[in-house]
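Please read the structure below before turning to the comments.
Derivation of every value follows stated rules applied to the coordinates shown; laboratory data play no part. Model, not experiment: these values are computed from the prediction. Here the Cβ is made from the backbone with ideal geometry for all residues, glycine too, and neighbour counts use every protein chain on show.
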């Protein structure tokens, strides 16, 4: 079966100044993702996971490496409306900040209508499609006339997901989509994403610092540290039998029954020894 | 900002003009606009009609604000003067906004060398005091209200460009802009159709404040004789024409239009600040 996404040898460095050598955000990163699969990308702040997400959707251009969608290598020189619309169907992204990810002037209906019209949905079918999208993200139709400031954080995130799904992308990148939400709303959004994946067959790339959240919605996990993948495997394996001390440290960092902060410090020290070698 | 102590909890409040002051200012500006529109019907006298038997008259029932050195009714001239004064400030601001918003948005959008070049151009324009800049423009072209408006407009444009660039940069960093890109929207459409309209609420409040400054600057130019020419009853020109009487102890012809300018400028400032707050909260 063809991979929906195939990332090979991806690298990105950011220059501090023109003369100062850059900070390497992502280094030699590779992974594959099949249809309707879900992969979690986890790591601490600064591990390069958001840069990876932005490269995947085409907002940041990598220095080296290739990104393929359905066997087609992304060409960064491609311009023009048709190329943009095709890329939009390859991958969409939902952002961390539910307050800034919607245009504050537009009602929910106008925002969804604009996306559908742009992607040539027949004008007679737009109304039905909007109703379907609202239903699929669990929003009542009465909210169609609302503007973003009239919605809660969870509702805004649902609208952002609906907008992304309106394009009918093959892949959905979710960059810390639950971080700004309270715990009960987090659970609702995670359940929604699992449901959407099962119904539509969309592949998910779930970027998060929270291993527990990632564990609930993904089949495999890629652990990033300082731009590199330090561990990759099935979600069950990574969570139950972490092979890398950094993964173990991430797992131990989550407060829970029997949580020992001194154990986290021990693991961090042990990992530093391994990493520095 | 003041911090008032209420028992164990200190409550921080921001000082704002009371609603009454805001509505008073709105009324003053409304009055000026009505005067500009209906001057031909509401002014008691022809603003250019001279009466040499009634020079420098004190305020009376016949002439509420008195008369000037040519016996012209000051109230009628102030009412008629609202038109060139307000229209001049509007024209100045429209021109400055068109230039400034274009430069500011392109600089924020393109960044890189385009931003650097535009920043240097605006810096050079900043380096000249506004008035000197206008005098240069007038020296090259010709004196008159149109030249004054264009010259002063060019002096105001860098201020608007810098402000627009700053708010456009902030706006473009919002995730919704990236979301639009991912939907397949091209750069120009994204900028014109989606980002620019989101700048307007912040920009409008700022422009209302600048309107007062523009009105004052144009009045200063007209006072110096670079803009409107007699027999115009533009307020700055009225102050200039009335200053001859000040030496003789007759301050009305210069003071009244000067006060009108000051009151309208303060009113627009109060309205602008309140408008900025309201629109920012909505945004």
As an exercise: evaluate residue A:61 against (1) within 12 Å of chain B (Cβ to nearest Cβ); (2) out of contact with any helix residue (DSSP H, G or I) (no Cβ under 6 Å at 6 or more places or on another chain) and give the number of the one condition it does not meet. (1)
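Go through the range A:31-63 residue by residue and tally those that are in a strand (DSSP E or B) and over 22 Å from residue A:88 (Cα atoms). Break it down stepwise before answering.
The first filter runs over the range A:31-63 and keeps only residues in a strand (DSSP E or B), leaving A:31-33, A:38-42.
Subset that is over 22 Å from residue A:88 (Cα atoms): A:42.
Count: 1.
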Which count do you get for residues in the range B:178-207 that are part of a helix (DSSP H, G or I) and within 17 Å of residue A:163 (Cα to Cα)? 7
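Can you confirm whether residue B:276 is in contact (Cβ under 8 Å) with a residue 60 or more places away in the chain, surrounded by fewer than 22 Cβ atoms within 10 Å (Cβ to Cβ) and either more than 12 Å from the chain's Cα centre (by Cα) or more than 30 Å from residue A:104 (Cβ to Cβ) (or both)? Steps first, answer last, please.
Numbers: in contact (Cβ under 8 Å) with a residue 60 or more places away in the chain: yes; surrounded by fewer than 22 Cβ atoms within 10 Å (Cβ to Cβ): yes; either more than 12 Å from the chain's Cα centre (by Cα) or more than 30 Å from residue A:104 (Cβ to Cβ) (or both): yes.
The answer is yes for residue B:276.
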(1) away from chain A (no Cβ under 14 Å); (2) in contact with a helix residue (DSSP H, G or I) (Cβ under 9 Å, 6 or more places away or on another chain); (3) more than 23 Å from residue B:150 (Cα to Cα); (4) surrounded by fewer than 19 Cβ atoms within 10 Å (Cβ to Cβ) all hold for residue B:256 apart from (4)
Which residues, counting only those in the range A:213-245, are more than 14 Å from residue A:41 (Cα to Cα), touching a helix residue (DSSP H, G or I) at 6+ places or on another chain (Cβ under 6 Å) and assigned to a helix (DSSP H, G or I)? A:245
Filter the range A:97-123 down to residues that are in a helix (DSSP H, G or I) and away from chain B (no Cβ under 14 Å) and give me whichever is farthest from the chain's Cα centre (by Cα). A:123
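Give the range A:87-96 a look and list any residue that's more than 8 Å from every other protein chain (Cβ to nearest Cβ) and part of a helix (DSSP H, G or I), or say none.
Taking the range A:87-96 first, the residues more than 8 Å from every other protein chain (Cβ to nearest Cβ) are A:89-90, A:94.
Scanning the range A:87-96 gives A:89, A:90.
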Of (1) within 14 Å of another protein chain (Cβ to nearest Cβ); (2) in contact with a helix residue (DSSP H, G or I) (Cβ under 7 Å, 6 or more places away or on another chain); (3) within 23 Å of residue A:201 (Cα to Cα), residue A:126 fails just (1)
Keeping to the range B:174-199, report how many residues are at the interface with another protein chain (Cβ under 8 Å from one of its Cβ atoms) and within 18 Å of residue A:107 (Cα to Cα). 9
